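Below: the structure, in structure tokens.
Bear in mind these aren't lab numbers, they're just calculated from the coordinates by the rules spelled out. Note that the coordinates shown come from a computational prediction; the quantities given were computed from them, not determined experimentally. Cβ atoms come from the backbone with ideal geometry, glycine included; neighbour counts cover every protein chain shown.
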Amino acid sequence: MLGVAGDERAGGFNAALARAGLPPAPLLDYADFAEAPERIAALFPEGHGLLRVDSPGAEPRIRRALAHLGGADLDEAGDDATRLRPDHAVQSGLSAALALCRRLLPPGVVATHAPGTVALLYDKRACHAAMRAAGLPVPRALPPAGSFAALAEALRAAGLSRVFVKPRFGSGAAGIAALAVARGGIEAVSSAELGPGGVLHHSHRLRRTRGAEAVALVDAILALDAHVEQWVPKAALDGRPCDLRVLVVDGEVAHTVLRSAAGPITNLDLGGRRAEADSLRALAAPGAWEAMREDCRRFAACHPDTFHVAFDVALTIGLRRHVFFEANAFGDLIRRVRHRGLDPYEWQVARLPGWVAARKPAGLAA
């Protein structure tokens, strides 16, 4: 594995290997890879095998290592993992790391993720454009805005009053704001908070700001380089807006979890509640659920050299249509949900042999 030492994802995958009677996968930490990239080839002394590429997470030491590999030195004092910063250098470094990894791996090694796909899905603006180009229903996107004043003008021109403002590079709901602008005032719901000196932090709790405070918050998020898209109302379950995380593995829709919240942001780590996806499926109009699943499969099929892709998608009010918000290069850390009796990592372990066999170079022994 290429991942983060001690991370829950790596632990979950190795636990699944153990339950399948297989040995653990040796892990090369992203920071160690950045320091000595040649170590990746040493994991495969026989010249063939599988490399699981895992999420780099958000640890400051990993951020610094990736940025350095990409040719930048982050001016980040301390190890404050809650501080929100522009992530261009980190994402450039991740792309460089995965491309370098691919070049250094022996020809007989198959990697679970294609570098280009990871780069695309980590970039919310580019990912939105790719989903739209593939024919997936997505919210209307607005041009990039560098300030609240510029965004307000763009909203007037577009005839919109409610949008999501999302840091272009980021994970989870860190730094995302649900913004409503009306004659009665301005309101933003976000886990981002402005500290002393205008420093932006991910507080891990949602709060509502209004007026000048909301304007200052949105200004700070836009300064990170943000993707802005229309706020599309989601279908509700028991009066709570809800959406879905859908994991596609080896081209097949696997684990699906429903997330609901009292407000527009449903992430489970921010107070969202999980529920059985079938409870929403039972309410959907005929054909609506399968249409959503087919679009998940179709976009994943555009990236056949990436083993799994996760989607954030919702049914809209009326339960007849669906809308895609994001696709995730990793996104498989889905707890307490099973597919055909297996958790996400067990399912991946079961599906990997066939996926790898289809990608082995001609003449290479199984």
Cross-link candidates for Lys124: which lysines have Cα within less than 16 Å, leaving aside residues fewer than 8 places away along the same chain?
Lys166
What is the distance in Å between the Cα centres of region 92-133 and region 1-42?
18
Note: probe point = Cα of Thr82 + 7 Å toward Cβ; backbone nitrogen < 18 Å; residues of region 207-238 passing the test are 207-209, 217, 221
Sorted by Cβ neighbour density within 10 Å, fewest at the top, the residues Met292, Met131:
Met131, Met292
In sequence order, calculated HN-Hα J values of region 239-252 (Karplus, 6.51, -1.76, 1.60; Hz; x Gly/Pro):
x, 10, x, 9, 9, 10, 9, 10, 9, 9, 10, 6, x, 10
Residues meeting the amide H criterion for Ser203 (H placed from the backbone, H to H distance under 5 Å, 5 or more places apart or on another chain) are Ala192, Glu193
Going by C-beta contacts inside 10 Å, put Asp219, Asp238, Asp332 in order with the fewest on the left.
Asp238, Asp219, Asp332
Backbone HN-Hα couplings from phi across region 294-300 [Karplus 6.51/-1.76/1.60, Hz, Gly and Pro as x]:
5, 5, 4, 4, 5, 6, 4
Name the long-range amide H neighbours of Leu51: under 5 Å, sequence gap of 5 or more, or other chain; modelled H, no Pro or chain starts.
Val110, Ala111, Thr112
If each residue of separation counts as 0.36 nm, what is the full-extension length gain between Ser147 and Ile317 once their alpha-carbon separation is subtracted?
58.1 nm
Any idea what Rg and Dmax come out to for the chain if you just take the C-alpha atoms, in Å?
20.8, 69
Output the 0 to 90 degree angle, nearest 10, between the alpha-carbon long axis of helix 88-104 and the longest principal axis computed from the alpha carbons of the chain.
20
Which order do Leu151, Leu51, Leu283 fall in if you start with the one that has the fewest other Cβ atoms within 10 Å?
Leu283, Leu51, Leu151
Using the Karplus curve 6.51 cos²θ - 1.76 cosθ + 1.60 with θ = phi - 60°, what ³J(HN,Hα) values do you get for each residue of region 339-354, in whole Hz, with x for Gly and Pro?
10, 6, x, 10, 7, x, 6, 4, 5, 5, 4, 5, 8, 4, x, x
